[in-house]
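Take a look at the structure below.
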Amino acid sequence: MVSILMCTYNREQYLKRAIDSVIAQTYTDWELIIVDDGSTDNTEQLVSYYADPRIQYIKMDKNRFYCYAANHGLEQCRGDYVAFQNSDDEWLPDKLEKQMRFMEEHPEAGACFTEVTLIDNDGNDLSDQCLPMEKLFENHYEEQKDWMHFFLHKGNCVCHPSALVRKSVMDEAGGFNLMYCQLADFDLWVRIVTEYPIYVIPEKLIRFRWDVNKQEQISSATEKHLIRSFNEQMLIRKQMIDRLSDEQMLLFFKSEFQKKTSSSHLELEFEKAFLLMHCVDDSPEMRLPGINKLEEVLRMEGAVEVLERHFDLTLQEIYSWNQGHWYTDFILTQKMYETKEKLKYYKRENERQRHLINQFRNSSSWRYTEPLRRVGRMVRRMVGKTK
């Protein structure tokens, strides 16, 4: 059986379509656990219209956001698999059937996902307008190490409401981390792929609602959400590397080692620090997770000797790193870039206007226009004196 977990908060305008898309599944051995995270709209009344015994409704006493509600719902799941459905998204009818077939044929897989079609609030296809976002969910890798490399350097690329996870794997992973609001699912996928292979079925089996202009939507691209997302990514990346065993570090990231011969525990701890100092591809300065890890490693016995002997580095060189910025606020950097571009534009526009004026003054039209302007100014002065 598949336990489908749907957390909702004030989504009555979309909720019926989401529930109906679950009921329409060609795979019928499921239970739907709807966790109402303190909604103040007509969610409870809407759900009460469904007489399907497979649907369980849980009303939380107050809104505590997704992770708390989802963890409570996970405790109620009785199936061998867990699927996640957003209350404003829609599944295609054969989604579960195709995923279950894949998981049964691949017992090594911890989870599988699908590609998505992005839709707006009215259900219209946004593929042409949001092509980069839709393409993001089309990344496919066979090896765990490839997923780990992408997650570390790029970020998340799998869609939460497309996930089907073995319940045993969910129990081992430990559910959602309450610290994360924006990227709790990304943190979960990282913990899962560290231990198990994951796969993306190359079919668009869900309709994923995407509205960048909606302020209350967690995934919307507001400045505050972008800042929070970036902050959480830094914590998740640090924890991702921290939890790796020596064997996993060698398996996943040996190709990025400072010294390819690193093998002892202390050498690998240094490699973790160096890896974290350059872990974000599109950020020029985000060394803080690596600096933090390096501080931890330097407190270990024999660390200085390994640093000098194996990595050919001295403490003086490490200290020099503290003279540079440990991180750059990418929002401020973007604003500075936009301001510079505006100044360049105004400068170009000012020079263009001056050029046009000079051209006009050198033209024959100036000889006839300027005397008229002078007469106009003289008349306005005379009129002003008579008032």
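The values are calculated or read from the model by the stated rules, or taken from the named source; none is laboratory data. As the structure is a computational prediction, the values presented were derived from the model and not from experiment. Glycine also receives a Cβ, built like all others from the backbone with ideal geometry; neighbour counts cover every protein chain displayed. Accessible surface areas use protein heavy atoms only, side chains included; no ligands, DNA or RNA. Shrake-Rupley method; radii C 1.70, N 1.55, O 1.52, S 1.80 Å.
Per residue, the solvent-accessible area of the stretch 44-152 (1.4 Å probe, heavy atoms of protein chains only, all protein chains present) comes to 50 Å². The candidates 28, 314, arranged from most to least accessible area with a 1.4 Å probe in the full protein assembly, appear as 28, 314. With a simple spin-label model that places each label point 7 Å from the Cα along the Cα-to-Cβ direction, the separation between residue 312 and residue 195 comes to 4.0 nm.
Measuring nothing but alpha carbons in the stretch 1-121 and taking Rh as the Kirkwood radius, the Rg to Rh ratio lands at 0.96. For residue 203, the amide hydrogen comes within under 5 Å of the amide hydrogens of 115, counting only partners 5 or more places away or on other chains and with H modelled in the peptide plane. Each residue of the stretch 112-125 is assigned a 3J(HN,Hα), and the resulting list reads 9, 10, 9, 6, 9, 10, 7, 10, 8, 4, 9, x, 7, 5 Hz, derived from the Karplus form 6.51 cos²θ - 1.76 cosθ + 1.60 (θ = phi - 60°), x at Gly and Pro.
Using the Cβ-Cβ distance between residue 65 and residue 356 with R0 = 35 Å, the FRET efficiency computed as 1/(1 + (r/R0)^6) comes to roughly 0.05.
Cross-link pairs exceeding 20 Å between alpha carbons, from the set 16/62; 224/344; 16/95; 254/293: 16/62; 224/344. For the stretch 240-307, what class follows from the C-alpha gyration tensor (a ≥ b ≥ c being the square roots of its eigenvalues): rounded when a/c is under 1.5, otherwise prolate if a/b is larger than b/c, else oblate? In terms of gyration-tensor shape, oblate. The tail of the calculated P(r) for the stretch 139-271, taken as Cα-Cα distances beyond 23 Å, holds 40 percent of the pairs. With q set to 0.23, 0.26 Å⁻¹, the log10 of I(q)/I(0) for the stretch 1-64, from the Debye formula over equal scatterers at the Cα positions, is -0.97, -1.20.
The largest accessible area among 196, 9 belongs to the first residue in 9, 196, and the rest follow in falling order (1.4 Å probe, all chains).
Taking packing as the residue-averaged number of other Cβ atoms within 10 angstrom, the listed peptides 144-151, 59-66, 97-104 run from highest to lowest as 144-151, 97-104, 59-66.
The order of the peptides 89-95, 300-306 by mean Cβ neighbours within 10 Å, most packed first, is 89-95, 300-306.
For a straight C-alpha distance cut-off of 14 angstrom, the aspartates and glutamates reachable from residue 204 (same-chain residues fewer than eight places away being disregarded) are 89, 90, 94, 97, 115, 125, 134, 138.
The residue list 150, 192, 140 was ranked by how far each Cα lies along the charge dipole of the stretch 96-206 toward its positive end, using unit charges on Cβ atoms, and 192 comes out on top. If you roll a 1.4 Å probe over the stretch 234-311 with all protein chains in place, what percent of the accessible area is carbon or sulfur? Here it works out to 51 percent. Taking a straight Cα-Cα cut-off under 24 Å and skipping sequence neighbours fewer than 8 places away in the same chain, the lysines within cross-link reach of residue 347 are 335.
Other residues with beta-carbon under 11 Å from the beta-carbon of residue 161 carry, at +1 per Lys or Arg and -1 per Asp or Glu, a net charge of -1. For the stretch 134-140, 3J(HN,Hα) computed residue by residue from phi via the Karplus equation (6.51, -1.76, 1.60; θ = phi - 60°) reads 5, 5, 4, 7, 9, 6, 10 Hz, glycine and proline entered as x.
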